[in-house]
1. Between SER382, SER419, which is part of a helix (DSSP H, G or I) and either buried (at least 22 other Cβ atoms within 10 Å of the Cβ) or over 24 Å from the mean Cα position of the chain (by Cα) (or both)?
2. Give SER271, SER307 a once-over and let me know the one that is polar (S, T, N, Q), farther than 30 Å from LYS162 by Cβ and in a helix (DSSP H, G or I).
3. Report yes if ALA315 is over 26 Å from ASP277 (Cβ atoms), out of contact with any strand residue (DSSP E or B) (no Cβ under 7 Å at 6 or more places or on another chain) and at pLDDT 90 or above, otherwise no.
4. May I ask you to list the residues in segment 1-37 that are farther than 12 Å from LYS162 by Cα and assigned to a loop (DSSP other than H, G, I, E, B)?
5. Is one or more of the residues making up segment 285-305 within 24 Å of GLU503 (Cβ to Cβ), touching a Lys or Arg at 6+ places or on another chain (Cβ under 8 Å) and not hydrophobic (A, V, I, L, M, F, W, C)?
6. Within segment 494-549, track down each residue that is in contact with a Cys (Cβ under 8 Å, 6 or more places away or on another chain) and aliphatic (A, V, I, L, M).
7. Consider segment 112-139. How many of its residues are within 24 Å of ARG29 (Cβ to Cβ) and in a helix (DSSP H, G or I)?
Amino acid sequence: MCGICAFFDPELKDKDHAIQGMMDTIKHRGPSSDGKYTNDKVALGFRRLSIIDLRGGSQPIFNEDKSKAIIFNGEIYNFKPLREELIKKGHTFTTKADTEVLLHGYEEWGMDGILKRVRGMFGFVIWDDDKQTLYGARDFFGIKPLYYSDQNGKLLVGSELKSFLAYPNFKKELNTEAVKPYLMNQYNDLKETFFKGVYRFPAGHWFEYKDGKMKTHKYWDAKYVENNLTFEETLDKINEDLKETVELYHNADVPVGAFLSEGVDSSYITSLLDPEDVFSISFDDSTYDEASKAKALADIKGWEFFSDKVDADEAMKDFPEMQYHMDEPDANPSIIPLWYLCKLARKHVTVALSGEGADELFAGYVNYGMHTHNNVIKVFTSGLKKLPKGARVKLAHGIKKMPNFPGKVHMYTNLAEPSEYYVGQSVIYDMNYPTIFSSDDANGILREKYQNDLTVNGNYQEDFKKVKDIDEVKQMQYIDLHHFMLNDIEQKADKISMAHSLELRVPYLDKKIAELANSIPTKYLVNSHDTKYALRKAAERVLPDEWAKRPKLGFPTPIKQWLKEPRFYKQVRELFTEDFVNDIFDQEKIVKLLDDNYKGDGSARRQIWAIYTFLVWYKLYFVDYENTVKKYQHVQPEVAKLIESGKLV
């Protein structure tokens, strides 16, 4: 696992110094070594975390005649058979690393050809000197980040946005349009980042950049065509494919562990991996304790169990550093336990497997249609779903206008078209998990410069059109895969793990697993029994019933309790009342929101946390960036100790 940065700029004279500055900002991604390549047009920079071919495999890597160079962040899990195939075709390899497969694969099959053959997570860039063209690609799901800025015939590319800020001619400017969508979502879901003119390169795409012009090409996207397997055959196939995938993902020349929570997703993956070491985290608030149930499974399975507790004071102190590493503000509270989980795991392993992706692929969210526990309502609604589409949607519109009654949300969301109402995870239909900001509420606290007409659902419409002819649950899965998963879950998984120089592997987000999951009939995924039903039943083959049947919990974080603590309330209020805040927010309104939440029932906690997170991030990057760099541009202490001891190559 590594970090990459590159640029195309024929006019910049001192390319070596510029690319070195960019590399230095992401040294946490690759503390093992670095490398660079420059010529009169381009510069490629690389930071390495050694996982495979520890003594070799340094980058950039070149082809036989040095006419092509590659920098690569990620893992190609099936690189060994591809390597053998390429050797038979006459290619000469100088390393045993997976990186070189991409380079020779590009030579042999072109970008489309190699990308259709690989399984893995990646962001990579290739300079082809013969064609005077820069190529690049991002993996199928966007597990690995890849950003770009294409302006005035010059291109910047990198694993992290902060590397762009070190580029000599980069103009740092806030993208004001992104603030409101962030407040509604808790993350930025636009294609353009919080930095004006910088974009996320889309997942499942590759680019070619020649003579100052970029062309992008799509090579993969989720497709939904139901298979004809019986339910039992489906369970066999899930178990068989996940077992093969986990074995493939175990490939490394360093120790591999696993994150273990009390839920089915991580428990299933970990049971198939059967590692020596597993890691879990809990809070000093006993209400949020996943570690005890995780330890119970570890004891049954014979795994070495490591756990730690998140201290509230430490978390609030470390929170700015978390947001620094995120590059853009992300108010998902699960960032906090993930930070300490990665910190714990990095003391023992270099690679860890995690359970991200199972909910999007196997339909685990209650928002896919499981808004009641009442079996009568479930059965009645299932009957209504058999009505012709036109009648069903008309009935849904009528239900929406009715006064609240038990089962209303369940019936409406099961009968209506998702494109009319679905807003992903920004609204959770659970009174214990309040919403973030509505469009009107967000505009109501922002200064005019930051107000706009964007809505969460409106941002989904382009993707809804791509899947309008498939069933409703799969439509919502597609939306979450391309929004919540892509721009929130995967971002925090990559950025927080790499902040600790830890490689996080996610077997559910494998092309083979996705193609299987997308072909499973919806009735096997979500039904009157449960969400994620087929995966749970398959998991019973390797897990005790208690773990296979656990409801989804996520990574609960006691934000509600923290914002009720006088010392943390005071800390948040001090930031809310700083002078710069009034330029962005109606300061009186957000302070009142905070005060009312402190005195009241805590139901505004997600809104407050979204504002607080943004202000923490904004202060780091736009108010006091020079001190931010001095404070946080380093590898974590536990990683530094490994380097000093010689345990990190």
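1. Being part of a helix (DSSP H, G or I) and either buried (at least 22 other Cβ atoms within 10 Å of the Cβ) or over 24 Å from the mean Cα position of the chain (by Cα) (or both) holds for just one of SER382, SER419, which is SER382.
2. SER271
3. no
4. MET1, ASP9, PRO10, GLU11, LEU12, LYS13, ASP14, GLY30, SER32
5. Checked against the condition, which is being within 24 Å of GLU503 (Cβ to Cβ), touching a Lys or Arg at 6+ places or on another chain (Cβ under 8 Å) and not hydrophobic (A, V, I, L, M, F, W, C), segment 285-305 yields no hits at all.
6. Narrowing segment 494-549 to residues in contact with a Cys (Cβ under 8 Å, 6 or more places away or on another chain): 496-497, 499-500, 502, 504.
Once the filter is applied, which keeps residues that are in contact with a Cys (Cβ under 8 Å, 6 or more places away or on another chain) and aliphatic (A, V, I, L, M), segment 494-549 yields ILE496, ALA499, LEU502, LEU504.
7. 2
One line per residue, one yes/no per condition, for (1) more than 22 Å from VAL506 (Cα to Cα); (2) of a type in the set (Phe, Trp, Tyr); (3) surrounded by 23 or more Cβ atoms within 10 Å (Cβ to Cβ); (4) not assigned by TED's automatic domain parsing to the domain that holds VAL623:
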site	(1), (2), (3), (4)
LEU146	no, no, yes, yes
GLY158	no, no, yes, yes
ALA166	yes, no, no, yes
MET184	yes, no, yes, yes
LEU190	yes, no, no, yes
GLY197	yes, no, no, yes
ARG200	no, no, no, yes
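The values are calculated or read from the model by the stated rules, or taken from the named source; none is laboratory data. Everything numeric in this text was worked out from a predicted model, so none of it was measured. Every residue, glycine among them, receives a Cβ derived from its backbone with ideal geometry; neighbour counts consider all protein chains shown.
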